[in-house]
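Heads up: the structure comes next, in structure tokens.
The values are calculated or read from the model by the stated rules, or taken from the named source; none is laboratory data. The shown structure was predicted, so the numbers you read here are calculated from the model rather than taken from an experiment. Cβ atoms come from the backbone with ideal geometry, glycine included; neighbour counts cover every protein chain shown.
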Amino acid sequence: MSQARIIDGKAIAISVRDEIATRAAALLKTSGVRPGLAVVLVGEDAASQVYVRNKEATAEACGFHSVKHTLTADTSEFDLLALVNSLNEDPEIHGILVQLPLPAHIEESKVLRLIRPEKDVDGFHPINVGLLTCGEMNTALVPCTPAGSIVLLKRTLDNALSGKSAVVIGRSNIVGKPMASLLLQESCTVTIAHSRTQDLPSVVRAADIVIAAVGRHEMVRGNWIKPGATVIDVGINRISAPERGEGKTRLVGDVAFQEAVGHAGAITPVPGGVGPMTIAMLMANTLTAARRQLGLTEDT
Ligand code: NDP
């Protein structure tokens, strides 16, 4: 059996980031404006701290104006809303990202809905969800992980997505649903699977494109994959790895990678697949948001 091509998300993310840095430098030259990204972190969640540090470092590497607001876990909802309001009004800030999850006493949807849709670089505001669903790509800001997954698919399939059958496993608002909308816009025939789907292996076997966004380690087995299919593994799961030593762990996806490489035509690894693309697309959204706020169109 032939081995799948490994989709190098890290390398593609670097090329996307380089292109963004070049375009940001051009924007600075022509308009004197640096794209501005504000990241808000509430509390001490260790994984969130790592994500925020990466986002800040990447924004700086792209030549952006990057601001981080770190608030203590006992910050009131009122104070967080006040900060979002001030960032909404700040002309140097074009994109606002509030790192999730928020502490339990803060209503997440209240905070996310206060972010002005044109500054909502996570793409979670209902206005952006609606614009994406309507296919209004010149005004929508699209969630970063699905946007990055589409870039990987287009590069892997040479833009030939039209007419392909795609299955998205997972129906969350941040990955599954926007992913399905994007695939539909690429004229794929889209099936959305979830925890109540019957005979998931058969559903997956019918697909030319498989997007796994479940959060269950190695749930999608190799023999579920149609020979030659393209597999995008969004899942990030930490499992114990006693072979690396006592107490050691490693990251794996939602797809049993070692099995799937023998069936798929192309597949993303975990880590090094979708993950790096998510941050690259956050930068792309921030640049897009800045350009739109300056009245520039996609082609100017
Ligand atoms: P959610 O927990 O919000 O959603 C999981 C989805 O999987 C749900 O729709 C659920 O169905 C479905 N599901 C659960 N069990 C099964 C099953 N046995 N069979 C079929 N479907 C099932 O997760 P997210 O969408 O937020 O994240 C998914 C994964 O992607 C996680 O591993 C997460 O860490 C990763 N992730 C990676 C990112 C990256 O940058 N690479 C960014 C964001 C997420 P139902 O709705 O019926 O409950």
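What the table shows:
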{"read-out": "Scope region 205-232; condition out of contact with any strand residue (DSSP E or B) (no Cβ under 7 Å at 6 or more places or on another chain) and surrounded by 17 or more Cβ atoms within 10 Å (Cβ to Cβ); matching residues", "value": "R205, M219, G222, W224, K226"}
{"read-out": "Hey, I211 in a strand (DSSP E or B) and either under 30 Å from T133 (Cβ atoms) or near the ligand (Cβ under 10 Å from one of its atoms) (or both) or not", "value": "yes"}
{"read-out": "Residue match in region 186-204 (condition: buried (at least 17 other Cβ atoms within 10 Å of the Cβ), in a helix (DSSP H, G or I), modelled with pLDDT of 95 or more and away from the ligand (no atom under 14 Å from the Cβ))", "value": "no"}
{"read-out": "Residue count, region 1-49 (criterion: at pLDDT below 95 and of a type in the set (D, E))", "value": "2"}
{"read-out": "Hits in region 150-181 (condition: near the ligand (Cβ under 9 Å from one of its atoms), part of a loop (DSSP other than H, G, I, E, B) and free of Cβ contacts under 8 Å to residues at least 40 places away in the same chain)", "value": "R171"}
{"read-out": "Subset of region 96-136 (residues that are under 16 Å from the mean Cα position of the chain (by Cα), surrounded by fewer than 18 Cβ atoms within 10 Å (Cβ to Cβ) and either among the small types (G, A, S) or closer than 29 Å to E186 by Cβ (or both))", "value": "L100"}
{"read-out": "Strands (runs of 3 or more DSSP E) fully within region 1-111 counting 2 or more residues that are polar (S, T, N, Q)", "value": "65-71"}
{"read-out": "Selection status of E298, in the same structural domain as R221 (by TED's automatic domain parsing) and more than 16 Å from the ligand (Cβ to nearest atom)", "value": "no"}
{"read-out": "Residue count, region 46-79 (criterion: under 29 Å from A21 (Cβ atoms), touching a residue at least 12 places away in the same chain (Cβ under 8 Å) and charged (D, E, K, R))", "value": "3"}
{"read-out": "Qualifying positions in region 106-142 - over 23 Å from L81 (Cα atoms) and acidic (D, E)", "value": "E136"}
{"read-out": "The one condition in (1) touching a residue at least 12 places away in the same chain (Cβ under 8 Å); (2) within 13 Å of the ligand (Cβ to nearest atom) that A140 fails to fulfil", "value": "(2)"}
{"read-out": "Qualifying positions in region 221-274 - under 11 Å from I7 (Cα atoms) and among the acidic types (D, E)", "value": "D233"}
{"read-out": "Filtered residues of region 224-283 (kept if in contact (Cβ under 8 Å) with a residue 60 or more places away in the chain, within 16 Å of the ligand (Cβ to nearest atom), farther than 24 Å from S162 by Cβ and part of a loop (DSSP other than H, G, I, E, B))", "value": "D254, P269, G272"}
{"read-out": "Of all residues making up region 271-300, the number that are in contact with a strand residue (DSSP E or B) (Cβ under 7 Å, 6 or more places away or on another chain) and of a type in the set (V, I, T)", "value": "2"}
